[in-house]
Amino acid sequence: MINKNFKEVISFANKYKFLIILIALSLISLTTAGYIYVASEKKDIVDTAKDAGSFKTLVKALEAAGLVDTLKGKGPFTVFAPTDEAFAKLPKGTLENLLKPENKDKLKTILTYHVVSGEVLAKDVVKLDKAKSVQGEEITVKVKDKVVMVDNAKVVKTDIKANNGVIHVIDSVIIPPSCSQKPAEKPPCNSGG
């Protein structure tokens, strides 16, 4: 009896081999697709930066400036994100001074200069010569020998996607023109415009 049932199953399998393989592949695809979807669920810009591990200083500065909730918001945003090494290039004492509560507005001005409204991917950045920052002033964009520069910072990694925008990694902190002018010419770090 078992032998007869086994022969019937084999006969059925041979007859419908293509259909069985197709169903099996479909089930595997659905299972894999579900896994890939869950694995690729993106985090917001702030959590993506935290998870990267090389933006600890940036995240600390965002917290001090009160910008975390903004960059966790809907967006989309494009962030030119300086690494910890980029912040370390600032003159001695600059970062510590900016992180003081009394300098929150100046810090906010500098950090929002690193943010552009909308999702601007690398393929679009290279077509620009300027990008208006959320802070209000324009960031200069140059491409030379396949190297993208935003102001005086080199873009070292592009298109780190988050669920509310994209991060491009830069090797230096960029400073808005209003912060780098002499106070007699213009109040330092005004809101731009």
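The values are calculated or read from the model by the stated rules, or taken from the named source; none is laboratory data. Nothing here was measured: the structure is a model prediction, and the numbers come from that model. Don't worry about glycine lacking a Cβ; one is built from the backbone with ideal geometry, like all the others, and counts go over all protein chains shown. Just the protein is used for accessible areas: all its heavy atoms, side chains included, with ligands, DNA and RNA removed. Shrake-Rupley method; radii C 1.70, N 1.55, O 1.52, S 1.80 Å.
Relative contact order for region 56-193: what percent, with Cα pairs under 8 Å and sequence separation of 6 or more?
Worked out over region 56-193, it gives 27 percent.
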Taking a crude spin-label model, label points 7 Å out from Cα along the C-beta direction, the Glu102 to Leu121 distance in nm is 4.7
Carbon/sulfur accessible area of region 118-183, % of total, 1.4 Å probe, equals 50
Out-of-range pairs (alpha-carbon distance over 30 Å; input Lys104/Lys146; Lys100/Lys142; Lys89/Lys161; Lys60/Lys127; Lys43/Lys144) | Lys104/Lys146; Lys100/Lys142; Lys60/Lys127; Lys43/Lys144
